[in-house]
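One structure is given here, and the rest of the page talks about it.
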Amino acid sequence: MTSVTAQPGKPAAAKRVPAVPPATRRSGFAGTLRSEFTKLSSVRSTYFTLIAFFVAGLGFAIAATAGNRVNAGHPLFDPTATSLRGAVYLGELIIVVVGALVITSEYGTRMVSTSMTAMPRRGVLYGAKAVVLACVSLAVALVTSFASFFVGQAILASTHGGASITSPNALRAVLLSAAFVTCCALLAFGLGAIIRYTAGAVTTLFGLVFLIPLLAEALPDNWFHDMARWLPGGSALEPIVSTAPVPGETFLFGPYGELAVFAGYAAVAVVIGALLFRRRDA
């Protein structure tokens, strides 16, 4: 048997302690969610864009309801839709920038490689980005939709031609408007993952939502009526904000159907983006 003795004047060898403690558990979805929320909330452009979304939606509601006070009480006047059109039509123009930047900004700065190193499970990383974007977009869209509705109806109150949140289909229109804006953000997110460039993703989305429905109007009426209900935008958005069937557009699906069609486009873009995100190099 042998023993180790310290030499005179020299201390015994100390046990080596690793500089970094070993990982105790695998990186999970909850931690990635917190990380992605920190990324999104720490960028000033996110606040500026979301504030612009709120101001634009509220400003349009004030201008539209004030300018249409003389029409209040008319059988075809929809006070709810008048208040919400700004949150939808202007909101989709603004929120898509946030949706695309959530993923394209990391490609632009090459920080996506760092994110993938910190979270090698690409599916978890992509899913966390999408969930954080959806939650933030929905929260801001709900605040904007409700604020636009109540401010618009306050302006119309003196005409006795306004609506209350308990009026038929008013709450449905407010909630579906927020859901539509959230789908816009997710569609931009999916396109951003596919194209990897902010300008390209936003331009492609504008082409889908605005240009294609506009070109479809040049078709013969029977062809257009068959296609319009399946297009992601254009007149198909009107049932979402309206509380009654839109005159002259009975060929469209109802509010839930039109929202489902648009959500389908967003889901396809997000799924394709997820497949490419997992397979392509950073």
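The mean sequence distance of close C-alpha pairs (under 8 Å, at least 6 residues apart), as a share of the length of the chain, puts its relative contact order at 22 percent.
Amide H contacts of ALA244 (H built 1.01 Å from N, in plane; Pro and chain starts excluded): no residue 5 or more places away or on another chain comes under 5 Å.
The calculated FRET efficiency for the pair ASP281 and THR38, based on their C-beta separation and a Förster distance of 35 Å, comes to about 0.85.
The mean of 1/r over all distinct Cα pairs in region 142-215, once inverted, gives the Kirkwood hydrodynamic radius of 14.6 Å. Only Lys, Arg, Asp and Glu carry charge here, each on its Cβ (+1 for the first two, -1 for the last two); on that basis region 196-282 has a dipole of about 620 debye about its Cα centre.
Counting neighbouring Cβ atoms within 10 Å and putting the fewest first, the residues THR198, THR82, THR38, THR166 line up as THR166, THR38, THR198, THR82. Here r is the Cβ-Cβ distance between TYR47 and PHE206 and R0 is 25 Å; the resulting FRET efficiency, rounded to 0.05, is 0.60. Loop-resident trypsin sites (Lys or Arg not before Pro) (DSSP state other than H, G, I, E or B) in region 252-282 with no more than 16 further Cβ atoms inside 10 Å of their Cβ: ARG280. Taking the simple approach of a point 7 Å from Cα along Cα-to-Cβ for both PHE251 and LEU219, what is their distance in nm? It is 0.8 nm.
Dipole orientation for region 171-272: of the candidates LEU252, TRP230, ALA216, TRP230 has the Cα lying most toward the positive pole (charges on Cβ; Lys, Arg +1; Asp, Glu -1).
Our helix-only sum for the chain, with -39,500 (n - 2.57) per DSSP H run of n ≥ 4 divided by its residues, gives a mean residue ellipticity at 222 nm of -21000 deg cm²/dmol.
Since every read-out is calculated from the coordinates, none of them should be taken as a lab result. This one's a predicted model, so the numbers in the text were calculated from it and none came from an experiment. Because the Cβ atoms are built from the backbone with ideal geometry, glycine has one as well, and the counts that use them run over all protein chains shown.
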